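Down below is the structure, laid out as structure tokens.
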Amino acid sequence: MDRSSAVTASEPTATALPPGPGLPMPVQSALFLLARDRYLPWCRRRYGNVFTVRMMGRAPMVVLSDAEHMKRVFSGPANVFHAGEGNEFLRPLLGENSLLTMDEDAHRRARRMLMPAFNGAALRRYAETVATIAGEQVPRWPTGRITALHPWLQALTLEVILQVVFGVTDERRLDRMRPLVRKVTDIGPVTFFSALMPRLRAYPPARAVWQAAEELDRLLYAEIAERRAAADLEQRADVLSMMLRAGEGADGLSDQELRDELITLVLAGHETTATGLAWTFHELARNPRVRELAAEAAERGDDDYLEAVFKEALRMRPVVYAVARKLTEDTDVAGYRIPAGSIVSPSIGLPHRDARRFDRPEVFDPDRFASGQPSSTDWLPFGGGIRRCIGAGFSIMEAVAILRTALRELDFRPDRRRVEPAKGRGVVLVPLRGARLQLRRRYNAASRSRNVSSPIEPSSSA
Ligand code: HEM
């Protein structure tokens, strides 16, 4: 039941939470963590556009999917709708100065410092490096047998972060950083619980994560110090160099702030893009007509169509299923006066599969994006408002470059008829079996393949 039409925002005075399932909290937590793409649609069918779910260790979470309700949250005042507070558990890992965990003025200042590194001109400069990395790695993907593609995509997007975001070019430092970054950014239960409970960090297996984090910090600080002194800083096209240039002058970012933002960018940008691409290849394999159109688009360099393919995959298979804002005061949302301390959560996955917003939402059809973009409350894989993903354009640029290379080289077939279900892994929803596909080399691709001597094996953590 959605009471929003019956109660105006100014009427209610006593606080109240919308109804929701009465299942025990451990059950709701497990359902949300592992299968939110099935649990939340079930709640919506039962309770309507606004409902409350409850999880262990978290404030009650009010899930929204009505466009007006979502707009209210995304355009609401930054001092009432706190996104950073909702990510507090990441603070031990990301530090005090992370874009993800800060709110209000501190967040605004950091966002201003980071923005130039993510604008259109900057993205065009990164695109060439991304294409080079894709050109080196795609030919190594195993062909002729069933392969879980997700780990290979994780290895590729990790390389992009190291070279394009950190700007590391020294091979020895890259070799040392790769395993450390994988360990630190793999937010499984070990990292999650040891972030919440510091005493666990002294014991295995958590100890290894926190030791890796310290070692990675040392390497990052060394990189930052060298970069500050670099004679070619003005010419360099990587995110760290851009952040340093944006901060030239009194208000620049300190070493500690730069370190926190770099870890944030790798955490937020590596697994998300790899997962979005894993779902894209999964859908392409299952849809022969779109696959052929995409292959033709790759051949003739039609990046607009490849972009539409990626966007449609993010619609059907959203990597992040909902975003969160913690209320700092009692606030009227969706016809309820929701108490301070609660979380309001505009859903991403629910509107994406709503037949009132997308014609035949179960069909994978990139043509939806051919004539412009759906509204920002219908299609919102990157969240919304002032906290919308700062890396949205980056990830689209990266995905298009990887799709272009991969579709020229390879053909993708499903390993079985059934759709691969999603499972929750930290904040993202990954393909349960790692996006298992059969890869075949295209007959005209051999001449384009390049052999590179030091293979970068994928992470085993998909
Ligand atoms: C397919 C890929 C990606 C998806 C689906 C995705 C999704 C999201 C979502 C849903 C949010 C929260 C928005 C909100 O609360 O309204 C977010 C925030 C963020 N993302 Fe992404 N993201 C992706 C790629 C990236 C990349 C490549 C980077 C950086 C290199 C990045 C960096 C960030 C950062 C720093 C934030 C915090 C922004 C803030 O609070 O101001 N993301 N992302």
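No other residue among THR143, THR169, THR129, THR147 is free of Cβ contacts under 8 Å to residues at least 60 places away in the same chain, more than 13 Å from the ligand (Cβ to nearest atom) and of a type outside the set (Gly, Ala, Ser) apart from THR169. Residue count for the range 33-57 under the criterion of being within 13 Å of VAL344 (Cα to Cα) and either within 16 Å of the ligand (Cβ to nearest atom) or in a strand (DSSP E or B) (or both): the result is 4. Selection of the range 237-268 for residues being away from the ligand (no atom under 13 Å from the Cβ), in contact with a helix residue (DSSP H, G or I) (Cβ under 7 Å, 6 or more places away or on another chain) and among the hydroxyl-bearing types (Ser, Thr, Tyr) yields only SER241. Annotation note: Cβ proximity below 8 Å between a residue of the range 357-377 that is over 16 Å from PHE310 (Cβ atoms) and a residue that is of a type in the set (A, V, I, L, M) and surrounded by fewer than 16 Cβ atoms within 10 Å (Cβ to Cβ) (sequence gap 6+ or interchain) occurs for PRO361/ALA355. Within the range 59-75, the residues that satisfy the criterion of being surrounded by fewer than 18 Cβ atoms within 10 Å (Cβ to Cβ) and in a loop (DSSP other than H, G, I, E, B) are ALA59, PRO60, SER75. When we screen THR191, THR272 for residues that are within 16 Å of the ligand (Cβ to nearest atom) and not aliphatic (A, V, I, L, M), the only hit is THR272. If you check ALA298, ALA340, ALA308 for being of a type in the set (A, V, I, L, M, F, W, C) and surrounded by fewer than 18 Cβ atoms within 10 Å (Cβ to Cβ), only one passes: ALA340. The residues of the range 16-32 that are surrounded by fewer than 16 Cβ atoms within 10 Å (Cβ to Cβ) and in contact (Cβ under 8 Å) with a residue 60 or more places away in the chain amount to a single one, ALA16. Of all the numbered requirements in (1) within 16 Å of the ligand (Cβ to nearest atom); (2) at pLDDT below 95, ASP415 misses one, and that requirement is (1).
The values are calculated or read from the model by the stated rules, or taken from the named source; none is laboratory data. Owing to the predicted nature of the structure, the values given are computational and were not obtained by experimental measurement. Quick reminder, even Gly has a Cβ in these numbers, built from the backbone with ideal geometry, and neighbours come from all protein chains shown.
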